[in-house]
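For reference, the structure is listed below as structure tokens.
Nothing in this text is a laboratory measurement; each read-out follows from the coordinates by a stated rule. Please read all numbers here as calculations on a predicted model, not as lab measurements. Note that each Cβ is placed from the backbone with ideal geometry, even for glycine, and that neighbours are counted across all protein chains shown.
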Amino acid sequence: IEELKIELQLEGLSKYTIRNYTSIIEKLLDHTKKDPYDLGVQDAKSFLATLINSKARSTIALAASAVRYFYSEILNMPIGRIKIPKKEKPLPEVLTKAEIDKLISAAPTKKSKLMIKLMYRTGMRVSEIVNLKKADIDLDTGRARTKGKGSVVRQILIPPKLLAEIKTFSDEDKYLFSKKHPMSTRNIQKILYRIRKKINLTKKITPHTLRHSYATHLLEDGVDIRVIQALLGHKNLATTQIYTKVTDTLLKQAENN
């Protein structure tokens with residue numbers, strides 16, 4: 001254990017990491033009841049297996065890192081990758097349709113109302129919203145070219161009612177929601193935060209919450225998952241399928257209420 005502490009200190013790792021790693025290895029040694037130099041790969045797996053049912057996946061991942069480090073740097077016995085359960089990603093939070101209506105109604109300006117409507121009704125990412133120019137929108141068909149994640153250009157279709165609102169905005173401004181330079185995404189987050197506080201909504205709201213809500217509501221309304229994939233601009237269907245889990249969770253919650 002002292003050798004381990006010294007090695008970790010020499011690597012400049014934090015006190016927090018050193019404390020966690022040494023605590024994990026102490027538990028490993030206590031579990032095996034062996035001399036450290038008699039340990040084998042199976043001992044490491046056996047120890048990590050004891051954590052599966054009682055510890056969070058993040059804790060198991062930390063323990064696996066500590067064990068690999070100990071075997072490699074102290075015992076000079078590299079054990080390579082040990083399979084552990086993948087960390088579960090939390091399901092995205094979504095708003096109800098009623099909460100969306102409240103959010104729009106409480107928006108303080110015409111532009112902020114339109115901004116929320118666009119993110120919710122088209123699933124646009126916040127990066128696409130801040131870079132959107134009126135010149136990018138065909139005001140006859142509602143087709144718009146947007147540039148978002150990874151500078152990927154894609155086409156979206158703006159609903160007629162929102163298109164009518166956009167037509168009333170000034171042509172002098174370079175961007176739809178700002179004059180000469182794109183708004184910062186942080187500004188949009190602040191706008192949503194203030195509205196959330198105003199209507200006393202406990203759910204966390206970010207621009208991506210509106211995108212998640214858009215996809216989830218489409219699925220609830222019976223839209224095919226592959227259509228939703230295309231509307232969101234997802235390359236892989238697996239990315240879109242997360243919303244089926246969200247919908248299932250919401251249905252179970254409704255049944256239990």
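Brief remarks on what is shown
- Exposure rule at most 16 other beta-carbon atoms within 10 Å, DSSP loop GluC sites (Glu not before Pro): the chain longest free segment: 173-257
- Taking every C-alpha pair closer than 8 Å and separated by at least 6 residues, the mean separation divided by the residue count of the chain gives a relative contact order of 16 percent.
- The trypsin sites (Lys or Arg not before Pro) of the stretch 30-136 that meet both conditions, a loop assignment by DSSP and at most 13 other Cβ atoms within 10 Å of the site Cβ, are LYS33, LYS34, ARG81, LYS83, LYS86, LYS87.
- Options (1) -0.41, -0.88, -1.27, -1.34; (2) -0.37, -0.74, -1.10, -1.20; (3) -0.52, -0.82, -1.07, -1.16 - which one matches log10 I(q)/I(0) by the Debye sum over Cα atoms at q = 0.08, 0.12, 0.16, 0.17 Å⁻¹ as calculated here: (3)
- In the stretch 138-217, the trypsin sites (Lys or Arg not before Pro) that fall in loop regions by DSSP, at most 14 other Cβ within 10 Å: LYS174, LYS179, LYS180, LYS203, LYS204
- Average projected area [Cα convex hull, the stretch 1-130], square nanometres: 12.7
- Volume per residue that the Cα convex hull of the stretch 69-200 spans, once the total is divided by residue count, Å³: 192
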